[in-house]
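Please treat every number below as a calculation from the coordinates, not as lab data. Just so you know, these numbers come straight off a predicted model, no measurement behind them. All Cβ positions, glycine included, derive from the backbone under ideal geometry; neighbour counts span all protein chains shown.
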Amino acid sequence: MIEVHLLTEEQKDFLKDIYIDDNTKFNPVFNNGNWIISQEEVTQYNGELEWVKELPLIEYIIEEFDLL
Amino acid sequence: MGYYTNKIPFISKPNLYDIDAKAFFTATGITDLTIKNAINQLVLDLKSTSLWSKIKVLYPFVGGTSFTHKFNLIDTTQFQISWYGGVTHDSGGITGNGTTGYGDTNFNPSTELTYNNTCISTYIRNNVASSGYDIGSFNGTSQRFIHTPRTPTNTASSQQYNTTIGGGRLDKTSITDSRGHHILNKKTNSHRMLIDDSLVASNTGNGGSLPTYNIFVGAISSAGTATSYSSRNIAFATISESLTTTNETDLYNAVNLFQITLGRNV
């Protein structure tokens with residue numbers, strides 16, 4: 001099971017313009033009705049937003065398909 | 001009769017590195033000698049085989065950081081990758097997390113490439129069967145430039161530029177390993193898929209057109225939005241004009257030697 005961090009709509013709008021490091025931006029993704037970011041993004045984030053480190057974890061729902 | 005001079009004799013230093021390799025070292029700040037020698041040999045090999053001029057972008061993914069991994073070896077000032085989400089950068093290259101991580105190459109195939117004169121190559125270091133695509137972009141069913149080395153049902157697919165098999169799409173079934181050097185080479189009446197310099201599939205169909213959105217790595221662009229996130233470890237990628245069969249082998253040999261030198265060949 002993959003776990004990811006749950007975002008509110010407001011947090012999603014805010015984080016999409018924030019850098020994780022000097023060369024990487026957050027990428028909030030819509031999954032199974034929720035906005036989420038990955039655990040890797042939170043782990044790699046070296047900024048000052050403390051609330052990012054405290055976001056709750058939820059299960060990521062994998063959407064498997066064969067070919068687009 | 002001799003004479004004296006205060007001029008110091010000029011002793012030229014041998015050019016240790018190719019000028020384009022040096023430009024890459026300057027841009028990335030890479031000082032590691034193993035990496036520098038591997039990059040230099042790669043550049044020399046690509047130039048001596050006339051591949052260099054055909055390749056539009058080449059991401060060697062060396063140096064182990066999001067900064068060093070963004071640079072295009074062909075021209076470090078162009079098509080630098082913008083990274084998003086959870087991508088792991090290390091000495092093995094880049095690895096997406098399969099959920100949010102990808103890079104935007106800022107390379108638009110419809111303006112930088114020409115129809116039936118295109119080629120994708122990647123070097124994949126892990127064996128993953130998934131819905132993730134490693135490179136490409138698409139606008140719909142008939143504007144595609146995407147590749148996956150192994151789907152959940154063990155199919156490799158090169159879609160240049162359509163979803164119709166034999167009409168701009170080439171599939172190979174019964175794939176059991178996503179690792180290796182993949183070449184997807186498209187020209188008029190020829191679509192070839194090679195893995196480690198072995199031709200595994202080909203057809204002669206044409207169809208579709210080049211997409212108008214930037215190519216992503218670690219996922220693909222669906223009209224500008226990332227989708228089909230990959231968790232594969234990508235250690236090299238090129239986008240180029242189509243290749244001759246000799247080019248295909250030369251590219252494999254150059255990339256294989258490059259990965260061996262770096263100690264990350266599979």
Measuring from label point to label point, each 7 Å out along Cα→Cβ, what is the B:THR153 to B:LEU16 span in nm? 5.5
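Assuming a viscosity of 1.567 mPa s and a temperature of 4 °C, what translational diffusion coefficient in µm² per second does Stokes-Einstein assign to the range B:12-64, Rh being the Kirkwood radius over Cα pairs?
On the way: Rh = 11.7 Å.
Approximately 110 µm²/s, per Stokes-Einstein.
For chain B, what are the DSSP H helices with axial Cα length of 18 Å or more and mean Kyte-Doolittle hydropathy of at least -1.0?
B:33-48, B:245-262
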Could you give the C-alpha radius of gyration of the protein assembly as shown expressed as a fraction of 2.2 N^0.38 Å, taking N as the number of residues it contains? 1.07
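I'd like the per residue volume of the convex hull spanned by the Cα atoms of the range B:204-266, given in cubic angstrom. Please report the intermediate quantities before stating the final value.
On the way: hull volume 8.5 nm³, N = 63.
So the per-residue hull volume is 134 Å³.
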Could you give the size of the charge dipole of the range B:61-200 about its Cα centre, using +1 on the Cβ of each K and R and -1 on the Cβ of each D and E, expressed in debye and rounded to the nearest 20? 320
At R0 = 35 Å, how high is the FRET efficiency between B:THR65 and A:GLU64 if r is their beta carbon distance? Nearest 0.05 is fine. 0.65
Name the residue farthest towards the positive end of the dipole of the protein assembly as shown from the options B:SER222, B:SER178, B:VAL128, assuming +1 on Cβ of Lys and Arg, -1 on Cβ of Asp and Glu, about the Cα centre. B:SER178
Helix-only [θ]222 nm of chain B, DSSP H runs n ≥ 4, -39500 (n - 2.57) each, per residue, nearest 500: -5500 deg cm²/dmol
What area, in nm² and to one decimal, does the C-alpha convex hull of the range B:150-216 cast on average over all directions? 4.8
Return the average number of partner chain Cβ atoms within 10 angstrom of each residue Cβ along peptide B:82-91. 6
For a paramagnetic label modelled at 7 Å from the Cα of B:THR114 toward its Cβ, which residues of the range B:211-251 fall within the zone defined by backbone nitrogen distances under 17 Å? B:211, B:240-244
If eta is 1.306 mPa s and T is 10 °C, what Stokes-Einstein diffusion coefficient results for the range B:85-129, Kirkwood Rh from Cα pairs, in µm²/s? 121
One quarter of the convex hull surface, Cα atoms only: what value does that give for chain B in nm²? 16.4
Reach of B:LYS172 by Cα under 22 Å, taken over lysines that are not fewer than 8 positions away in the same chain: B:LYS186, B:LYS187
By a straight-distance test (C-alpha under 19 Å), which lysines pair with B:LYS47 as possible cross-link partners, with residues fewer than eight away in the same chain excluded? B:LYS22, B:LYS36, B:LYS56
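At 4 °C and 1.567 mPa s, what whole-number value in µm²/s does Stokes-Einstein give for the translational diffusion of the range B:1-153, with Rh from the Kirkwood sum over Cα pairs?
Numbers: Rh = 18.1 Å.
The diffusion coefficient I find is 72 µm²/s.
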Net charge of Cβ neighbours under 14 Å - reference B:SER158; Lys, Arg +1; Asp, Glu -1: +4
Using every pair of alpha-carbon atoms in chain A, split the distances into 10 Å bins beginning at 0 and state the percent of pairs per bin, rounded to integers. 21, 52, 23, 5, 0
Averaged over A:57-66, number of beta-carbon atoms from partner chains that fall within 10 Å: 3
Taking the Cα centre of the protein assembly as shown as origin, work out the dipole magnitude from +1 charges on Lys and Arg Cβ and -1 charges on Asp and Glu Cβ, in debye rounded to 20. 1340
Identify which of B:ILE183, B:ILE19, B:ILE74 has the largest mean-square fluctuation in a Gaussian network model of chain B, with springs joining Cα atoms closer than 10 Å. B:ILE19
What is the average number of partner chain Cβ atoms found within 10 Å of a Cβ in A:30-41? 3
Pairs of alpha carbons in the range B:140-254 whose separation is greater than 21 Å (percent): 34
Within chain B: Cβ-based charge dipole about Cα centre, in debye rounded to nearest 20 (Lys, Arg +1; Asp, Glu -1): 80
Kirkwood-type radius of the range B:99-179, with distances r between different C-alpha atoms, in Å: 13.4
